2 protein chains.
Amino acid sequence: MDRNSFFWKIFDGRLPPPPCADTLGIEFAAIDGERGTVEVNFEAKPGFLNPAGNVQGGFLAAMLDDTMGPALAATLAAGEFAPTVNLNVQFHRPAIAGPLKGIGRVVLRGREICQLSAELLQSDKIVATATATAIIRKA
Amino acid sequence: MDRNSFFWKIFDGRLPPPPCADTLGIEFAAIDGERGTVEVNFEAKPGFLNPAGNVQGGFLAAMLDDTMGPALAATLAAGEFAPTVNLNVQFHRPAIAGPLKGIGRVVLRGREICQLSAELLQSDKIVATATATAIIRKA
């Protein structure tokens with residue numbers, strides 16, 4: 001954890017939040033930059049809905065990606081970034097427009113290779129789970 | 001393929017397109033409802049960008065999901081739908097705001113279990129690939 005990393009600069013308001021955070025309605029409910037854990041609130045907007053009136057699965061994937069990404073980003077040093085190289089999502093039940101909560105963690109924090117996992121909940125029920133691999137790079 | 005399935009009703013303008021199609025800037029360039037293949041044009045909007053100024057990976061996942069989903073949906077009968085139960089995405093290189101193209105296909109078309117795959121390109125280079133499993137259900 002490094003308070004001068006890009007994640008904490010954004011969190012502290014020293015850098016603007018990325019556009020995708022606004023699109024997904026992100027609010028951080030809890031972050032632990034030492035353990036690599038986060039709780040993130042999202043808002044599924046009407047524009048995310050599929051023909052069945054549920055949230056298109058890809059937007060749930062985007063929320064899970066933006067849960068696991070910050071869990072790792074919060075642990076990085078200044079000048080480091082960590083692109084996701086793969087993302088695996090399991091869909092459990094439909095989600096509707098409105099609030100969702102992502103709970104994410106760094107499962108393995110290697111010097112380069114990191115394994116991440118997350119759950120996405122709506123009304124306290126899991127709607128989707130995910131794992132991802134990210135690789136730490138220096139800018 | 002059934003011209004009275006929900007996919008073709010939307011395609012023919014007999015049902016409104018889903019909101020997520022507008023959000024992702026979807027235009028169908030080619031569809032084969034017998035073979036289960038599609039080419040889909042997308043538009044990555046400024047609101048999809050991450051702190052590095054690239055498209056957040058989750059939105060690429062959403063595009064891949066909305067390439068594979070229609071490839072299968074175009075083959076369904078009226079009254080059938082096919083929720084995705086898992087989605088696996090591999091990220092190859094960064095994508096920027098602007099046009100992308102998805103190419104998707106039904107790899108295995110079982111009576112219930114279907115295996116799907118897709119590539120997502122920008123400027124003729126693959127930026128991400130994906131596979132998914134979907135299960136055909138009757139409404």
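Each reported figure results from applying straightforward, stated rules to the coordinates on display, with no laboratory input. In this text, all values refer to a predicted model and were calculated from it rather than measured experimentally. Quick reminder, even Gly has a Cβ in these numbers, built from the backbone with ideal geometry, and neighbours come from all protein chains shown.
Measuring from a point 7 Å out along Cα→Cβ, what nm distances, shortest first, does residue A:96 have to its partners in the other copies?
Reported distances to equivalent positions: 4.2 nm.
How large is the convex hull of the Cα atoms of the range B:70-139 per residue, expressed in Å³ as a whole number?
In the range B:70-139, the Cα hull volume divided by residue count equals 95 Å³.
Can you tell me the length gained on complete extension of the stretch residue B:113 to residue B:9, counting 0.36 nm per residue apart and subtracting the Cα distance?
Stretched out fully, the residue B:113 to residue B:9 stretch lengthens by 35.1 nm.
Taking the Cα centre of the range A:1-68 as origin, sum charge times position over the Cβ atoms of Lys and Arg (+1) and Asp and Glu (-1), and report the length of that vector in debye to the nearest 20.
Computed about the Cα centre, the dipole is about 140 debye.
Using only the alpha-carbon atoms of the range A:16-139 as identical scatterers, what base-10 log of I(q)/I(0) does the Debye formula give at q = 0.09, 0.20, 0.23 Å⁻¹?
Log10 I(q)/I(0), no solvent term: -0.23, -1.07, -1.34.
How many Å³ per residue does the convex hull of the Cα positions in the protein assembly as shown occupy?
114 Å³
Take the Cα coordinates of the range B:1-80, assign each an equal point scatterer, and use the Debye formula without solvent to give log10 I(q)/I(0) at q = 0.13, 0.14, 0.17 Å⁻¹.
Each listed q corresponds, in turn, to -0.43, -0.49, -0.68.
So how far apart, in nm, are the two label points at residue B:27 and residue B:1 if each is 7 Å from Cα heading toward Cβ?
2.2 nm
In terms of Cα to Cα distance under 24 Å, which lysines are near enough to residue A:125, apart from those fewer than 8 places away along the same chain?
Counting by Cα, and skipping residues close in sequence, residue A:125 has these lysines nearby: A:45, A:101.
Which distances, shortest first and in nm, link residue A:108 to the matching position in the other copies, using label points set 7 Å out along Cα to C-beta?
Result for residue A:108, in nm, nearest copy first: 2.6.
Just tell me which lysines come within less than 21 Å, Cα to Cα, of residue A:138; anything on the same chain fewer than 8 places away is out.
Straight-line reach from residue A:138, under 21 Å: A:9.
Tilt of helix B:57-73 relative to the longest C-alpha principal axis of chain B, in degrees (0 to 90, nearest 10)?
20 degrees
Given labels modelled 7 Å from the Cα in the Cβ direction, how far is it in nm from residue B:43 to residue A:85?
3.5 nm
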